[in-house]
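S.K.: The structure under discussion is supplied below as structure tokens; questions concerning it will follow.
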Amino acid sequence: MKISIGIIFICATTAFSGEWQTLFAGSGLEGWKASETEGCFSIVEGDTLKVEGGRSHLFWMGTETIPGSFTNFEFSAKVKTTPGSNGGIFFHTEYQETGWPSHGYEAQVNTTHKDKRKTASIYAVQDVMNDAPSKDDEWFDYLIRVKGKTITILIDGKVVNEYTEPADLQPPEKFKDRRLSSGTFALQGHDPKSITYYREIKVRALK
């Protein structure tokens, strides 16, 4: 009986989860497009994406084999902050040439920046305040899961934040397009003094 249950669980997991697809592994930025300030995104040490230099966003646009839009998904990356840095990972968003992305949600990347909204915050929606689950100058695993109307954020495998978008959501005018639907991802360059790093960026679609 125990063996049968195990087999059923494995099959169900496979049926409802797509394969992991790599968006960045250090070999280049194929499929990505940056906005605004030039030179904010560079590859260092052969496998690391460095973000510095001012406000800019690096949007996933898609390739021939990986789409540029997702609805239900898991997004995974290794992230490292530096003292006083601020950043973010947008999802269900779309490319825009200037400004902070207006579509979708932002998952905050912030260990010690003065902004009290810390790593794993769903920015200005459901925030992790003051005490970050990350440490500067140390790599940590960041996973964002969207399934239906629920957003779950895990840091180093631990659920830190979970939010279910209400059916009667009425976002403020400033964030009128901040809602779950479908869209792409964007990595944020926040300000000239903020330096953040990313490795092993990948995604898998969920049904």
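Nothing in this text is a laboratory measurement; each read-out follows from the coordinates by a stated rule. What you see is a predicted model; the values in this text were computed from it and never measured. Quick reminder, even Gly has a Cβ in these numbers, built from the backbone with ideal geometry, and neighbours come from all protein chains shown.
S.K.: Answer yes if at least one residue in region 69-85 is more than 16 Å from LYS202 (Cα to Cα), under 15 Å from the mean Cα position of the chain (by Cα) and among the hydrophobic types (A, V, I, L, M, F, W, C), and no otherwise.
M.R.: Within region 69-85, none of the residues are more than 16 Å from LYS202 (Cα to Cα), under 15 Å from the mean Cα position of the chain (by Cα) and among the hydrophobic types (A, V, I, L, M, F, W, C).
S.K.: So which residues in region 57-78 are part of a strand (DSSP E or B) and of a type in the set (Asp, Glu)?
M.R.: GLU74
S.K.: Quick check on region 108-118. Is at least one of its residues farther than 16 Å from GLY189 by Cα, in contact (Cβ under 8 Å) with a residue 24 or more places away in the chain, buried (at least 23 other Cβ atoms within 10 Å of the Cβ) and not aromatic (Phe, Trp, Tyr)?
M.R.: No, because not a single residue in region 108-118 is farther than 16 Å from GLY189 by Cα, in contact (Cβ under 8 Å) with a residue 24 or more places away in the chain, buried (at least 23 other Cβ atoms within 10 Å of the Cβ) and not aromatic (Phe, Trp, Tyr).
S.K.: Additional query: Restricting attention to region 129-161, which residues are under 19 Å from LEU187 (Cα atoms) and among the β-branched types (Val, Ile, Thr)?
M.R.: Answer for region 129-161, where residues must be under 19 Å from LEU187 (Cα atoms) and among the β-branched types (Val, Ile, Thr): ILE144, VAL146, ILE151, THR152, ILE153, ILE155.
S.K.: Report whether or not GLY84 is surrounded by 23 or more Cβ atoms within 10 Å (Cβ to Cβ), touching a residue at least 24 places away in the same chain (Cβ under 8 Å) and either within 29 Å of GLN170 (Cα to Cα) or not aliphatic (A, V, I, L, M) (or both).
M.R.: For GLY84, the condition - surrounded by 23 or more Cβ atoms within 10 Å (Cβ to Cβ), touching a residue at least 24 places away in the same chain (Cβ under 8 Å) and either within 29 Å of GLN170 (Cα to Cα) or not aliphatic (A, V, I, L, M) (or both) - is not met.
S.K.: Tell me, which residue of region 119-163 that is among the hydroxyl-bearing types (Ser, Thr, Tyr) and under 21 Å from PHE175 (Cα atoms) is surrounded by the fewest Cβ atoms within 10 Å (Cβ to Cβ)?
M.R.: THR150
S.K.: A further question follows. Residues of region 25-78 being surrounded by 17 or more Cβ atoms within 10 Å (Cβ to Cβ), in contact with a Cys (Cβ under 7 Å, 6 or more places away or on another chain) and in contact (Cβ under 8 Å) with a residue 40 or more places away in the chain, which ones?
M.R.: Matches in region 25-78: VAL51, GLU52, GLY53, SER56.
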